[in-house]
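Chemist: Okay, handing you the structure first.
The values are calculated or read from the model by the stated rules, or taken from the named source; none is laboratory data. These numbers come from a predicted model, not from an experiment. Here the Cβ is made from the backbone with ideal geometry for all residues, glycine too, and neighbour counts use every protein chain on show. Note: accessible area is taken over every heavy atom of the protein model, side chains too, but ligands, DNA and RNA are not part of it. Shrake-Rupley method; radii C 1.70, N 1.55, O 1.52, S 1.80 Å.
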Amino acid sequence: MPKRSIQRGRPTGTTTYEAEPAIAFGAAVREERTNQGIAQETLAHMAGIERSHMGKIERGEHVPTLPLILKIARALKCSSAHLMTLTEAKLAESAPSSD
């Protein structure tokens, strides 16, 4: 019997995180950034991260760590609590109503 090759990593399309909060946080960051008239590349530079990584965060493809959330908040000149409040509001908007 031929040996099967072992594939590394997750199968395509699977995630190990909850996408909904990641998408809501990304939308909150994008909203705050655009309200301030800051380009994504500029925000990434101010936060000390790659622009492509910032794009993944804003699209909800990556869940940032606490230190990264703090860097983004500092770059946006707002508190991390403000970003979390915006995130919670986005989550509430997308939650199915119990009517």
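Chemist: Among rounded, prolate and oblate, which fits region 18-79 when a ≥ b ≥ c are the square roots of the eigenvalues of its C-alpha gyration tensor, a/c under 1.5 means rounded, and a/b larger than b/c means prolate?
Modeler: Cα axes put region 18-79 in the rounded bin.
Chemist: I'd like the accessible area for GLU50: 1.4 Å probe, protein heavy atoms, all chains in place, Å² to the nearest 10.
Modeler: Its heavy atoms expose roughly 130 Å² to the probe.
Chemist: Would you check the accessible area of GLU88, probe 1.4 Å, heavy atoms only, in square angstrom rounded to 10?
Modeler: Accessible surface of GLU88 is approximately 120 Å².
Chemist: With a 1.4 Å probe and every protein chain left in place, work out the accessible area per residue of region 51-99 in Å², rounded to a whole number.
Modeler: 63
Chemist: Follow-up. Run the simple label-point estimate for SER94 and SER52 please: 7 Å along Cα→C-beta, distance reported in nm.
Modeler: 2.4
Chemist: Which of the trypsin sites (Lys or Arg not before Pro) found in region 64-99 are in a DSSP loop and have at most 13 neighbouring Cβ atoms, other than their own, within 10 Å?
Modeler: When the trypsin sites (Lys or Arg not before Pro) of region 64-99 are filtered for loop state and at most 13 Cβ neighbours within 10 Å, LYS77 remain.
Chemist: Continuing with this model, one more query. When only the heavy atoms of the protein chains count and the probe is 1.4 Å, how do HIS53, HIS45 rank by accessible area, highest first? Working shown, then result.
Modeler: Details: HIS53 55, HIS45 150 Å².
Sorted descending by solvent-accessible area, the residues read HIS45, HIS53.
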